[in-house]
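The values are calculated or read from the model by the stated rules, or taken from the named source; none is laboratory data. Just so it is clear, the structure is predicted and the values come from calculations on it, not from any experiment. Don't worry about glycine lacking a Cβ; one is built from the backbone with ideal geometry, like all the others, and counts go over all protein chains shown. To get the accessible areas, we keep the full protein, side chains included, count just its heavy atoms, and leave off ligands, DNA and RNA. Shrake-Rupley method; radii C 1.70, N 1.55, O 1.52, S 1.80 Å.
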Amino acid sequence: MCASISGFSKLSKSKKIDWIVETYFSNTEDAKRILKQYWNTNDKLQQLHDEFIENTITNYYLPLGVAPNFLINGKIYTIPMAIEESSVVAAASKAAKFWMDRGGFKTKVISTTKIGQVHFMYYGNIENLKNYFNHIKSRLIDDAKPITKNMEKRGGGIVDIELRNKTQDIKGYYQLHASFETLDAMGANFINSCLEQFAKTFKNEALNFEGFSEQEKNIQVVMSILSNYVPDCLVHAEVSCKVEDLNEDKNISAEEFATKFVQAVNIAEVEPYRAVTHNKGIMNGIDAVVLATGNDFRAVEAGVHAYASRNGKYSSLSHTKIEDGIFTFWMEIPLALGTIGGLTGLHPLVKLSLELLHHPTAKELMQIVAVAGLAQNFAALRSLTTTGIQEGHMKMHLMNILNQFGATETEKATLTDHFKTNLVTHTAVVEAIKDLRFKKND
Ligand code: MEV
């Protein structure tokens, strides 16, 4: 059915629901019941969630799990992860434990600069534009002072503004390319406010610049916006140990495992089809922590994948080597994160997650998030190069299938036990449930 409505956002929550269920659902009472069963009984908490976005009709739950035993630069963390995929937290925990016994994760923030741009059109003489930019640059910074004052007090602010000539790509296209240090804030609002102020000053003051012809005074600002590509907001995470210490309770020697692991990473470095899945595994860990800590996972995803293509071909984010009998596995990844501002002081579970992580600075959070990604990648490659991924995946997925069939607690216990020694496939689980229920009724 195609239905449209005007003034929807002005309706009360209950009227919005009435319209939705009556327009789209055959069983209106059932649809309402499902929506309402996710409402929080604490009205204040519900109102908080209602006001995060427009047109909230209910809450969408994701499990918040924790992966303990992460040793990062000598300090132990329990990492919160919000994710629906059944095997991710288990894999992170396993990888954490594995590396805990082998020296843990080492991390380092390489840089923290973020970028924003004012995109504009100018069709005059380039030398005149350069002169104008040099003349106005300090004024751009001064006019933004009301926005930057507090950030500057804490040691951040505008790092630099450059004029960039992009006319080779589009006739008349230039940028004010600005860099920022936003400390513990992700900084999107700060950067966008600065950029909009730059744009205003830049456009208005051009009208008074004597070095411009009348036509050149007409600078056309197209837009002012931060970039989610942050190759200079970079963190390094790594693990290493003697190859012989990679020994595990699998049917494969440490040396053979190390070799296959390196081959698997090499494949992801050269083969984009594999690289995308390889990096998706990394993002399983990264997004889950980014989400749990109230950060913008879409921004992180966009920036990370752009970084993975920075050399002109999409490639692995992680790398590995074996040198002098030492296995090293590492990753450098751009992460623009915040531990103040945004949802961080608002969402009770985000606050709790940050407390669980000992109230990290943005730099510390970058390191923790990168570790979650590297651990996830290690766990995936370890399974892929040894038992295969499905053994672990299906074991974790077992509970989803049992729930789909409305299994009771007793049935779950019996079948979980059964599948400890039997291969989990969808068909096998369905058969086992049927058998169990048949036997019971026999
Ligand atoms: C599944 O969510 C992630 C993996 O496919 C990652 C990988 O293949 O490396 C297991």
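Can we say GLU196 is more than 30 Å from LYS106 (Cα to Cα), at pLDDT 95 or above, outside the structural domain of PHE329 (by TED's automatic domain parsing) and not basic (Lys, Arg)? When the stated conditions are applied, GLU196 passes them. Looking at the structure I just gave you, is LYS97 under 30 Å from GLY7 (Cβ atoms) and modelled with pLDDT of 95 or more? For LYS97, the condition - under 30 Å from GLY7 (Cβ atoms) and modelled with pLDDT of 95 or more - is not met.
Being in the same structural domain as ILE83 (by TED's automatic domain parsing) and crowded, with 21+ Cβ neighbours inside 10 Å is a property that ALA302 lacks.
Checking every residue in the range 334-351 against the condition of being closer than 17 Å to LYS75 by Cα, in a helix (DSSP H, G or I) and modelled with pLDDT of 95 or more gives zero matches.
Does the range 244-282 hold any residues that are part of a helix (DSSP H, G or I), hydrophobic (A, V, I, L, M, F, W, C) and either touching a Phe, Trp or Tyr at 6+ places or on another chain (Cβ under 8 Å) or surrounded by 16 or more Cβ atoms within 10 Å (Cβ to Cβ) (or both), and which are they? The answer is LEU246, ALA254, PHE257, ALA258, PHE261, VAL262, ALA264, VAL265, ALA268, ALA275, VAL276, ILE282.
Taken over the range 78-125, the criterion of being under 20 Å from GLU355 (Cα atoms), open to solvent by 20 Å² or more (accessible area, probe 1.4 Å) and more than 16 Å from the ligand (Cβ to nearest atom) is satisfied by THR78 alone. Per the conditions (1) open to solvent by 60 Å² or more (accessible area, probe 1.4 Å); (2) outside any loop (DSSP other than H, G, I, E, B), the sole criterion not satisfied by GLY392 is (1).
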